[in-house]
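To keep things clear, I will list the structure first and then write my remarks on it.
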Amino acid sequence: MKKLDTFKILAATVLLLTATAAFSQVDNRSITDTLTKGLKLPTRKETGKKILKGVYRFTVETDGTVRDVQVKDSMGFGVDEEVIKKLKASKNWKVVIFDGEPRRIDYSLPINITLPKK
């Protein structure tokens, strides 16, 4: 393997780590709040749970749009479908720039929702 190839692999690894770090807990909280606002949620009594947890994977394209939304870990109770709709409709995501070019990036977004008591 050439030194340049090794450098590009290392740079791509740093890019992935940087992009992941850029998607911080503050961003996660903001995104989660936006995605879950207005969702029709089941009650604790209906689910037998206090918190619903789910993980969603998606790709942010070079134009800031979202595609390939998938459920990695399901919340169930019809919540996944609503989260997927909102993710697909979301726009203007931050695009990762690498070597002066915009790049697609895959994200994994964990979402925890504390259910209402009634």
Return the residue satisfying two criteria in turn: it lies in region 94-103 and is loosely packed, with under 13 Cβ neighbours inside 10 Å and of a type outside the set (A, V, I, L, M, F, W, C), and of such residues it is nearest to G64 (Cα to Cα). K94
What number of residues within region 68-89 satisfy the criterion of being assigned to a loop (DSSP other than H, G, I, E, B) and polar (S, T, N, Q)? 1
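With touching a Lys or Arg at 6+ places or on another chain (Cβ under 7 Å), surrounded by 13 or more Cβ atoms within 10 Å (Cβ to Cβ) and of a type outside the set (S, T, N, Q) as the only criterion, which of V69, V79, V83 stands out? Explain how you work it out, then say what you get.
Values: V79 fails: touching a Lys or Arg at 6+ places or on another chain (Cβ under 7 Å); V83 fails: touching a Lys or Arg at 6+ places or on another chain (Cβ under 7 Å).
V69 is the lone residue from the list that is touching a Lys or Arg at 6+ places or on another chain (Cβ under 7 Å), surrounded by 13 or more Cβ atoms within 10 Å (Cβ to Cβ) and of a type outside the set (S, T, N, Q).
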Taking region 105-118 and keeping residues in a loop (DSSP other than H, G, I, E, B) and exposed (fewer than 13 other Cβ atoms within 10 Å of the Cβ) leaves P116, K117, K118
Is it fair to say N92 is in a strand (DSSP E or B) and either closer than 15 Å to T36 by Cβ or not β-branched (V, I, T) (or both)? no
Determine the pairs where a residue that is at negative phi, located within region 67-96, has a partner that is of a type in the set (D, E) with Cβ atoms under 7 Å apart, the partner being 6 or more residues away or on another chain. R67/E61; V71/D80; S74/D80
Positions within region 78-99 being within 29 Å of L41 (Cα to Cα) and β-branched (V, I, T), in sequence order: V79, V83, I84
Give me the pairs: first residue in region 34-56 and closer than 24 Å to L87 by Cα and modelled with pLDDT under 90, second residue of a type in the set (K, R) and surrounded by 11 or more Cβ atoms within 10 Å (Cβ to Cβ), beta-carbon distance under 9 Å, and six or more apart or on different chains, which are they? T34/K86; L35/K86; T36/K86; K37/K86; G38/K86; L39/K86
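The values are calculated or read from the model by the stated rules, or taken from the named source; none is laboratory data. From a predicted model like this one, the values you see are computed outputs, not experimental measurements. So basically every Cβ, Gly included, is an ideal-geometry build from the backbone, and we count neighbours across all protein chains shown.
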